[in-house]
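As structure tokens, the structure follows; a few thoughts come after it.
The values are calculated or read from the model by the stated rules, or taken from the named source; none is laboratory data. Remember, it's a predicted structure, so these values are computed and weren't measured experimentally. As a convention, Cβ positions derive from the backbone with ideal geometry for all residues, glycine included, and neighbour counts pool all protein chains shown.
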Amino acid sequence: MSSEYTSPLLTQGTTETFSIPIEHLDYGFIKKCTDVKHLEKILRVLRSCEEGYYPDLIAFCEKRVENLCPKSRALWKEKPAATASSFKQEEWQEISSDLKNWLTEMKQKENELKQDKTAVVIDESVNLTSVRHSNTSLLANKQSKYKIRPIPKKSPSVYTLFFRFDVEEECSNVDKDNTSKTIINKSLPRIEKNIDTTGMTDKEKTLIADREKDKGNEAFRAGDYEEAIAYYSRSILVLPTVVAYNNRAQAEIKLQDWHNALNDCEKVMELDPGNLKALLRRATAHKQLSNYRAAKVDTEMVLQTEPDNTIAKKLLTEVEKKLKDLEIKSVIKPKGKRILIQEEEDSDEKKEKINCGEGDRKHSVPVGGETTKETGEMGNVQKKFPGREGGPQTEEKHRKETENEKSKCGVFAKIRGDEANRQQEKPNVQTGKGDSLPPYVIQLKSEGNELFKNGQFGDAIPRYSQAIRELAESGIDSPEDLCILFSNRAACHLKDGNCTECIQDCTRALELQPFSLKPLLRRAIAHDSLERYQQAYVDYKTVLQIDRSVQIASDSVNRITRTLIDQDGPSWREKLPPIPAVPVSAQQHKYKVQILRMSRLVINYSQHNHQAISKENRFLSLKHEGNEFFKTAQYMEAVNKYSECLKLKSEECAIYTNRALCYLKLNEYEKAKHDCDSALQLESSNLKAFYRRALANKELKNYNAAINDLNKVLELDSSVVEAKNEIQNLTELLTQQKNETPNSEEKQRKFIQIQEVNDSDEEEMTENKNTSDLTRSSEGSASNGLNTEKGGSEKCFPLRPTNAYEFGQAINAVKTNANIAACADLLENINPQDLPTFMSNKLEGDVFIMIIQALEKHILEKDPNLVYQHLVHLCKSERFKVIFMLLNSDDKEVVQHLFDHLSKVQSDQFTTESIQILARSYYL
């Protein structure tokens, strides 16, 4: 109950304070009221005795408020100041004795201060102020130094001065004033750093030093570090302390005065050798002065005492990174020594060579010094579907690939031959390839590669690390090989789940070879694993700038985009780090080898290579335009661009598959199938070609061929879920096609028979029932589906029910006679897709088991595909889940037995995996 407003005319009035109705000052109202604020007002009115003194009502109201809100301020009570009578005798004696002891102690200290002052010997040479007496006057002495000058009064202007005013002269004076520079001294009065401590006692010095230190702390908190240093210096001058030196060192660090900060930290270490703050600040100064090893020692000493010190951990990480960078830079010489380009004549060609990063290299390689293959190695680029095989690329394999790679057009073949001849003519050029590496480095690298291929990623890491150290100590200028070693070690870290180390190694590799594809992709995957989606997005986008055919990067960008939208909202792009712009020389990684080789031959064969480069650029631009048209759903324009690409390069497999996809979008399935056939002739294991040809065959109703193509897709990569779904759909379509074919023949046969018969009753009966199923002479047996053969035994003849009622009659007749063979005949003559409709909600446990037995004993050997289709649709019945839950263990074994037999059967319409998926629907 809360307080309600009532008209004063109907009540006994209100109180003067808070205007509370008199009726509310009642036990019943207070007991029912739940408004704490209103109850507090009532309590104050009662305590004020405005309407009378009611102690019981006050106590009752206090209890009610305490029940509703125990922490209410209205329940607070004032306590009077304590007196001697408030304590026990023993407590009061203890308090009084403490006060007396404090008074005596203060008197003793005061006497000591007086004795110390008399003991101090004052040096007469010190310039002290004279003792004041009645004859001396401070003002009289100061008047001689400072004289007050009277301010001259301004006389009024004379009227004749107006005619003497020169306008041009005054304008020139104004211009001079504007051009003159004004110097404003914004600095505050300088703080005197010297303090005269003559005649001070030790306690006075301590007091003054603490006071100056506190002033320095206030200035430090205000951000005025120079003033803070001045006050700390005054404190140190009076009394040198560890705290003052430490604080001054921190202020000097803020002002980046590293040498003075280091000196102050050294003085602190002399006074207090184990001071952690001094160690940490000295480490900071050492780091800024490039003394990384000394900084590492100081930081490790801090972490030994405080392992959870976050500042020390961060500083140690930065110092270790600097040390590793120094190790790398010690083996990398400046790249300005590539002087082979100076021998050529064309300056434009030189610039192109420099931009391509060739210089004095012996072999042309993609960015990062690593070749790109279609099947990935060590978590490398996956051009089509990601696989699990592969390992780190060895230098020998890399050399063979770059030398023996077959060209896709005659121009590139000739270019490679000329390139080999040029390299033979210049044997003295220092290269960065594996041939110039020391033997022990090559051995360590090959051992690491073998361990990686065997799955021993943890054992491969020390091999690569040792190879990096040996290569650094050998003094060989080989940034490409060093980049490969870092990239391979990053792959091992990524396989072991150590994403942080993987990111560090990839970063070092990219410092050696910017825009290298493999380190970029591995670093992106590591960032993605650590849920650093913004950094991963930037790396993935950089990879796509280099090579747009990297499927894993494209998929990851789409996935991370959705995640960032959910996480940061519509403004997620504003929170991204800047995406680096990839130079043209590093783009189109897939064709980097050919383009680099062509660019080097421009020097000697400018006209011939100009045609080859223009043809290659034309091909790439047409392909890019086709891809852009496809993204904007302009499929016909994309087909035209891809067709022009094929005129330039008729052996490019990716162009055929892309054009086939466009034909599928345009519903031109024959052309799509033809392009897929052409792609498979060039590359027999192309998953995209198989899958798109299966889609074309499906639309052309070549279901068996489509199923065969999808099975090949699953053989190459079993993780393609779309292929499994398409196989299941095609199986249903194939079964439906088989069932519709005999129906059409029977309808034609019925039509012929109806023309021969004159009786209208017979004609109606033939229209409602299948005459092929009613071949017996008895009309009664035809209506019931039962007839007697020569042997006299009863048999359930197959019916073709058209609705749930007819199917129910037939299944009841079969169940009554417990004739499993008749049930099998009934199942053979109905469409599996109609089984859930005919069954409706009449499915029972005994009927379900009878259907399972009929499928296993009578239909499985003859037509396993029909058994599979019946099982697919039987589980879609209404009461299937309830019936299956009520089955006993014996009945479930019957169902399990049927699935075991069906999984052993080989068929082109279903596989073992599809049987396992179907078994889950039966809770097996």
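Take residue 509 and tell me if it is closer than 22 Å to residue 437 by Cα and either buried (at least 24 other Cβ atoms within 10 Å of the Cβ) or touching a Pro at 6+ places or on another chain (Cβ under 9 Å) (or both).
Criteria met by residue 509.
So which of 239, 276, 271 is over 20 Å from residue 193 (Cα atoms) and over 39 Å from the mean Cα position of the chain (by Cα)?
Only one candidate passes the filter, namely 271.
Cβ-Cβ below 8 Å, separation at least six or inter-chain, first residue in segment 190-201 and assigned by TED's automatic domain parsing to the domain that holds residue 233, second part of a loop (DSSP other than H, G, I, E, B) and surrounded by 14 or more Cβ atoms within 10 Å (Cβ to Cβ): which pairs?
none
With respect to residue 893, is the statement that it is among the acidic types (Asp, Glu) and surrounded by 13 or more Cβ atoms within 10 Å (Cβ to Cβ) true?
no
Give segment 810-825 a look and list any residue that's among the basic types (Lys, Arg) and either within 52 Å of the chain's Cα centre (by Cα) or at positive phi (or both), or say none.
Result: no residue meets the conditions.
At pLDDT below 90, out of contact with any Leu (no Cβ under 8 Å at 6 or more places or on another chain) and closer than 30 Å to residue 202 by Cα, is that true of residue 112?
Criteria met by residue 112.
What helices (runs of 4 or more DSSP H), lying completely within segment 826-888, carry at least 1 residues that are over 52 Å from the mean Cα position of the chain (by Cα) and small (Gly, Ala, Ser)?
Once the helices (runs of 4 or more DSSP H) in segment 826-888 are filtered for at least 1 residues that are over 52 Å from the mean Cα position of the chain (by Cα) and small (Gly, Ala, Ser), what remains is 845-854.
For segment 560-572, which positions are exposed (fewer than 13 other Cβ atoms within 10 Å of the Cβ) and touching an Asp or Glu at 6+ places or on another chain (Cβ under 9 Å)?
none
Restricting to segment 61-87, count the residues that are crowded, with 16+ Cβ neighbours inside 10 Å, in a helix (DSSP H, G or I) and not basic (Lys, Arg).
Looking only at that region, the number is 4.
What do you reckon, is residue 72 among the small types (Gly, Ala, Ser) and either in contact (Cβ under 8 Å) with a residue 24 or more places away in the chain or within 20 Å of residue 31 (Cβ to Cβ) (or both)?
When the stated conditions are applied, residue 72 passes them.
Could you figure out which of (1) free of Cβ contacts under 8 Å to residues at least 60 places away in the same chain; (2) under 27 Å from residue 509 (Cα atoms) isn't true of residue 328?
Here residue 328 meets the rest and fails (1).
Limited to segment 558-585, what total is found for residues that are in contact (Cβ under 8 Å) with a residue 40 or more places away in the chain and farther than 19 Å from residue 546 by Cα?
2
Being touching a Phe, Trp or Tyr at 6+ places or on another chain (Cβ under 8 Å) and closer than 23 Å to residue 727 by Cα is the requirement here; does residue 884 meet it?
Here the answer is no, as residue 884 does not meet what is asked.
With the structure loaded, tell me whether residue 206 is at pLDDT 65 or above and either of a type in the set (A, V, I, L, M, F, W, C) or assigned by TED's automatic domain parsing to the domain that holds residue 244 (or both) or whether it fails that test.
So residue 206 fits the description; yes.
Please enumerate the residues belonging to segment 245-304 that are among the acidic types (Asp, Glu) and over 17 Å from residue 216 (Cβ atoms).
Correct list: 266, 270, 272, 298, 300.
Over 30 Å from residue 827 (Cα atoms), assigned to a helix (DSSP H, G or I) and without any contact (Cβ under 8 Å) to a residue 12 or more places away in the chain, is that true of residue 722?
no
How do the pairs read when you match residues in segment 626-644 that are touching a residue at least 12 places away in the same chain (Cβ under 8 Å) with residues anywhere that are outside any helix (DSSP H, G or I), using Cβ under 6 Å and keeping only pairs 6 or more apart or on different chains?
As it stands, the answer is 635/666, since those pairs meet every condition given.
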